Every structure is written in structure tokens, then in C-alpha cells.
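What follows is calculated from the coordinates using simple rules that are stated; it is not laboratory data. In this text the structure is predicted, and so the values were computed from the model without any measurement. Positions of Cβ are backbone-derived with ideal geometry, glycine not excepted, and every protein chain shown enters the neighbour counts.
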Amino acid sequence: MERAFSSTFYLSLSFFISVLLFFKLARRSKPKTDLNLPPSPPKLPFIGNLHQFGILPHRALRDLSLKYGDIMMLQLGQMQTPTLVVSSVDMVTEIIKTHDLAFSDRPQNTAANILLYGCTNFAFALYGENWRKKRKICAVELLSTKRVQSFGAIREEEVAQLVKKVREAIW
């Protein structure tokens, strides 16, 4: 019995140490960049900074911005790209006006990439010439004044149904 316990203990200990070494080597093998990135709160493996949000994420973001500043980086889950969080109106204005092209792209989503043929549709396409052509087609063909007015009755019917359901839920 003692021998079985000791072999199980040593096997578990060696597995735990090998997992720790793997994560240590994986972290070390990432290329170090000399980018001047904004501050970031400490993150956990796999979930990133999601554990810091709690049930009131807007308040957690406010508290983090008080601690780390108006601009910070957060890792939301296992996404490859960290999320830039901006909490100041002045910073948002600067980003939109002076750095609009750098921040206008969409993050690549693996599921969308597989399911939507390499993200070539309008909703997930990367910003560029292809996206601009698709946006122009949508504006001319789908969102023209005549086309939008043709669906006015359907919109009114849907709004009436929504109001009816809300009224029934309240009363």
C-alpha cells in the first residue's frame, strides 16, 4: 500500500513539474518585442483578465482604469490579440482622428475564418479595397432610400409585435 501511494505521488509530482516547465519554456520562447505597450493588469493562463470583471464589468473596468490609467491592455480569454481599453474621451478622440487606419481593422476570429470561407464576407472582412467595394454595394443596393422605405411596413409590424410582447410581460 505504501509503495502504491509513493509511486502515485511521484508520478503526480513529476507530471506537475513537467507542466510547469512546459509553461515556463513556452513563455520564454515567445519573441520579445521592444514595443512601448500600455500597462496591463496581471493575467491568468487561459482566462486572461476575465477573472477581474466580476458581475459588474463596467465598474471593474472603471477601477482598472483608475489603477492603470486611461489606456490599458487586457487579455480576454485565450484570444491571440490583446484588447486595448480606452477610458478617456480625449484619448478616444485622438485615436479616432489621428490613428483611425491602425484601429479600423477587425480581429481575426478562428471560427469565423473556418465557417465563413476565410472571412471574405462583409461583416468579417479585413479593412481594405475588398471591404470598401462590399460596403459600397451594400450602401447602393441594400441601404438606398427606396429600399429602406420598401421595408417600412415590415419594420412597423415588428415594432408593434415587440411592444405587444413587452406590454404582456409587464401586465
* Asked: Tilt of helix 57-68 relative to the longest C-alpha principal axis of the chain, in degrees (0 to 90, nearest 10)?
  -> 60
* To do: May I ask you to evaluate 6.51 cos²θ - 1.76 cosθ + 1.60, the Karplus curve with θ = phi - 60°, for each residue of region 109-119 and list the ³J(HN,Hα) values in order in whole Hz, giving x for glycine and proline?
  => 9, 4, 5, 5, 4, 6, 6, 10, 6, x, 6
* Asked: Which value in deg cm²/dmol, rounded to the nearest 500, describes the helix-derived mean residue ellipticity at 222 nm for the chain, given -39,500 (n - 2.57) per DSSP H run of n ≥ 4 and division by the residue count?
  -> -17000 deg cm²/dmol
* Could you size up the charge dipole of the chain around its Cα centre, putting +1 on the beta carbon of Lys and Arg and -1 on that of Asp and Glu, and report it in debye to the nearest 20? => 260
* Using Cα-only point scatterers and the Debye equation, what is log10 of I(q)/I(0) for region 37-104 at each q in 0.17, 0.19, 0.27 Å⁻¹, rounded to two decimals? -> -0.64, -0.79, -1.24
* To do: Under 1.5 on a/c is rounded, so check that first for region 108-171, then, if it is not, pick prolate when a/b is larger than b/c and oblate when it is not; a ≥ b ≥ c are the square roots of the alpha carbon gyration tensor eigenvalues.
  => oblate
* Count of lysine pairs in the chain with Cα atoms under 21 Å apart, counting only pairs 8 or more residues apart in sequence or on different chains? -> 8
* **Dipole in debye (nearest 20) - region 49-141, about Cα centre, beta carbon charges: Lys, Arg +1; Asp, Glu -1** => 240
* **Efficiency of FRET between Ser87 and Asn113 - r from beta-carbon atoms, R0 30 angstrom, step 0.05** => 0.50
